[in-house]
Structures are given as C-alpha cells and as structure tokens.
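Accompanying notes for the structure given below.
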Amino acid sequence: MIDKTAGITEQTTTKDEEMPPAPPHAVEGEADDDDDDDDVAAPDIGGEKKKKKKKKSKKKKAAAVVQSDPPRVGLSKLFPNGVSPPLMSPLLFSNSFRTTSEEKRYIEREIENNPETTYSSIRRAAEVHRQVRAHARRTIRPGMSMTEICENIENGTRALVEEDGFEAGIGFPTGVNLNECAAHFSPNANDKTYLKEGDIMKVDFGVQVKGRIVDSAFTLSWNPDYENLITAVQEATNTGEAGIDVRLGELGGKIQEVMESYEVTIGTKTYPVKSIENLTGHTIGLYQIHGGKAGKSVPIVKTNDQTKMEEGEYFAIETFGSTGRGRVAESGECSHYAKLPDAPRLRKDDSLIKHVLGTLHNRRARSLNTINKHFGTLPFCRRYLDRVGETSYLYGLQRLIKDGIVHDYPPLKDQPGSMTAQFEHTILLRPTVKEVVSRGEDY
Ligand code: HZT
Ligand code: MN
Ligand code: MN
C-alpha cells in the first residue's frame, strides 16, 4: 500500500502554516513555562525551525507541544485553548444547500454561544480521531494481530482524549473487519487472527466527548488489485449529496450511482462493485450510536424513503462496497454490545435488594451494573468488560439480550471469498453549512 500519510505525525504543530489564521496549537509564552510536568508523556517541546542563532528577541517564540509517537499526548496539552474549527474549504464544508442569510448567521451564533453547544466536544473528538488514525495508517502492517491493532488505537484514543469516565473516552469498540466481514468484528480475548498481505481491512473506531460521538472508518489493503474497490467506496462516501431537506432514499440512490460506476479486477476476474444493500449510515444521538430525537438511517442504495435530513442533525455517512452479493448477514462470535437507550429497568428485587454476587440468578444484575457504571448506552465489547475486571459475564449478558435490555451486534459478512470496503465520516448539518467533522488530510 502506498503510504500517503507519511509525515502526518507533525500535523499538530506544522499545520499552522497551512491553516491560517493560526489555530491555538502553540503554547504561548516560554518554552517550559507550563507548570505541570511535561516529562510524563515525554512530549517533544518544539522550538524554532531555524538553528541559526539570532539576536535574542525579548519574547521567546511560542513553543508548541508536539504529539508523541505513538500518540499519547492529551489534547489539552496540544490545544490549550480548544480545537479550532477547520477553515472553510470545499472538502470540509459545503454550503451549496443553503443560502447564507443574516438570520442563519444569527442562528449559527446562537448555537455557538449556547452552553449546551456540541461543537467544541465534537471538534475535540474529531481531532483525536484524526491523530489516532494517522498513527494507525502509518503503523498497521500484515503480521500484526487484530488485538494489537485494536489496543494501539484504543490506547491512543484514551490518552489523547484524556479519558475521564463518561466525560470523554472511546465511543464504541474498534472494528477491524477483514475481507467479506464488513462490520462489527472486534477480537474477543484469546483471538488468534493476524493480518495477512492479501487482506482488505476496514478500521472503524469512535471517540466521544461529553456524549458526542465521532464515528469514522477507512479501508487498508496491501494488494493493489483492491484499489478500485477502495476508490469506489471512498468516492461514494464523499458523494456530497447529504444536506438539509435531502430525502434519504434519493441520497441512497446517489451513493449507489457513484459506487456502482466502478468495477474491480482481482487477479483475472472482474467484478462490478455493489453497494451493500442492507447496511446504512445513521443519525448519532447523545451517547447513542444510533439515535437522536428521530433515529434515521441513510441507505446506500436507492429506496423510497421520503424522510428528509434536517437542520442540526448529526449523521454518520458510511458506505460499503462489495465484490459479493452486496448483502450481509450476521455471522460469527459476537463482540459488540450496547444497552438500549429505552431499556426497561431491572426489577428492584432482581438487581439491588436481593443481590448476591456470583449466583446464576444475579449474573444478569452484575453485568447490568457493570454496563451502567462504565458504558451506559455507549457500545462496548467483551475486551472492555475484561479490562474493568468483569469475569464470567456471558450468561448475564445473554439474559440481558433476551430481556431486551442489551442489543448484540454480531459481525456482518457478505458471502465467503467476497471482498468489502468501507469509508465513513461524521457530518453535522449546521444551518448554513454541512461540516464533515471527521475530515482529515488522509480521507
Ligand atoms: C452499532 C454498534 C457499535 C451502529 C453502524 C456502525 C460501526 O450497523 C442504524 C444504522 C457501533 C456502531 C453501531 F458498536 N451501526 N457504524 N460504525 N457500526 S449499525 C446501524 O448497527 S444502526 C446502522
Ligand atoms: Mn463506524
Ligand atoms: Mn456508523
């Protein structure tokens, strides 16, 4: 695979030149004047580029805290004043669907000034996603285990977002989906899957800040034969037809049109690229990967869904292409779970008053207590239960699924031997512009 991300490590400190006005990347003042110990995560303190000695200026040039490799420096150190909104750019924004008016600008200000505003949280989560995936794209190689790949991404996310209970952390389990598997595979304990040269892998991970989840995914392969498949899916995700008042069924048609204008030759066989008809994008609610006031799905094939996208809505736009049937089914051991937002509560006498840990009957209550404590309605995987010290939770989890309290999300696969690709961005439909919040230099 051609590494198009080379050199992106320094994006946090070098971007200043490309993205005026200078975002608050640099720490103002003396190089070492931050009163906290900068030796903990060993961030490099970058000085001026030129070594040439100049007369000492009265004011030392602002020193920037540089991201470490692997990325472990928290965003509060890199962006002490918060993450700036990206510059207006056709890739980042589209305002073609709305005319700018004084009224709309006013609405924008109201949202920006609202203490309940989502923007700063979303931007912070998105910046963490960009930095963590930049490292992932540089370092993921055949020979690595799925567990190693996931743990690298998850450790990076926890460090950069400065994980803090429900305030900030992982948005949902890291998906590392190979070949015919399109979605929702994450290794469980003792998984022995290793990445191979001929694999096509979808990496799908999420970051949350104050419940605002950024959900974004990309595809990696080391076989040039898959490039057309990857391009088809990337172009389909970038179709750019999403926007206020757009009908979901029509948007699906536009995505499908782009997707299916490609074919891919793998070895000696040529396949039409198909949009996977039963996978969709989705609205994202607070701490809800699929939700919001009205949970909507974004088809990737033409449908008769007349539902419109609306102002203020927050969407994951994800598209999947396949050389197979273009349809997925649940298959294989489940790793992903989430408590339903409208889950019925356990009866008190089951969960609290009569609880005696360890009995079969109370395993359901013990699992639910752990889920409530650590994840709430955020999706989690078995490895996340393991790491908080939960053991023998499968029986309890199964009970919660049967009772409609927890939803399971098994791996989703097209037919064996088929190849699938995915790209995903999170977008915010602001009154005057559509902001692709997860857009980066990579995709
Ligand atoms: C479910 C569980 C997770 C949401 C889409 C998706 C990964 O297929 C309505 C439309 C994380 C996400 C989800 F742990 N799913 N995006 N990224 N998976 S979905 C869905 O279940 S619900 C699509
Ligand atoms: Mn995703
Ligand atoms: Mn998604």
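The values are calculated or read from the model by the stated rules, or taken from the named source; none is laboratory data. Just so it is clear, the structure is predicted and the values come from calculations on it, not from any experiment. Here Cβ is always computed from backbone atoms with ideal geometry, including for glycine, and neighbour counts include all displayed protein chains. Heads up: the accessible areas ignore ligands, DNA and RNA and are worked out on the full protein's heavy atoms, side chains in. Shrake-Rupley method; radii C 1.70, N 1.55, O 1.52, S 1.80 Å.
Within the stretch 380-393, being within 21 Å of the chain's Cα centre (by Cα) and open to solvent by less than 30 Å² (accessible area, probe 1.4 Å) holds for Phe380, Cys381, Arg383, Tyr384, Leu385.
Could you please let me know if Ala168 is at pLDDT 95 or above, within 27 Å of Gly281 (Cα to Cα) and within 16 Å of ligand 2 (Cβ to nearest atom)? For Ala168, the condition - at pLDDT 95 or above, within 27 Å of Gly281 (Cα to Cα) and within 16 Å of ligand 2 (Cβ to nearest atom) - is not met. Among the residues of the stretch 182-218, those that are over 30 Å from Tyr119 (Cβ atoms) and open to solvent by 10 Å² or more (accessible area, probe 1.4 Å) comprise Phe185, Asn188, Ala189, Asn190, Asp191, Lys192, Thr193, Tyr194, Lys196, Glu197, Gly198. Any chance the stretch 259-275 includes a residue that's within 16 Å of ligand 3 (Cβ to nearest atom) and open to solvent by 20 Å² or more (accessible area, probe 1.4 Å)? No: the stretch 259-275 contains no residue that is within 16 Å of ligand 3 (Cβ to nearest atom) and open to solvent by 20 Å² or more (accessible area, probe 1.4 Å). Among strands (runs of 3 or more DSSP E) entirely within the stretch 257-334, having at least 2 residues that are over 16 Å from Tyr226 (Cα atoms) and of a type in the set (A, V, I, L, M) singles out 314-322. Taken over the stretch 184-211, the criterion of being over 21 Å from Leu279 (Cα atoms) and within 14 Å of ligand 3 (Cβ to nearest atom) is satisfied by Val207, Gln208.
Taking the numbered list (1) away from ligand 1 (no atom under 16 Å from the Cβ); (2) among the charged types (D, E, K, R); (3) touching a residue at least 40 places away in the same chain (Cβ under 8 Å) in turn, Arg383 passes all entries but (1). Of the listed requirements (1) touching a Ser or Thr at 6+ places or on another chain (Cβ under 9 Å); (2) under 25 Å from Gly417 (Cα atoms); (3) without any contact (Cβ under 8 Å) to a residue 12 or more places away in the chain, Glu148 misses just one: (1). In this structure, Gly243 does not qualify as within 16 Å of ligand 2 (Cβ to nearest atom), more than 19 Å from Tyr443 (Cβ to Cβ) and open to solvent by less than 20 Å² (accessible area, probe 1.4 Å).
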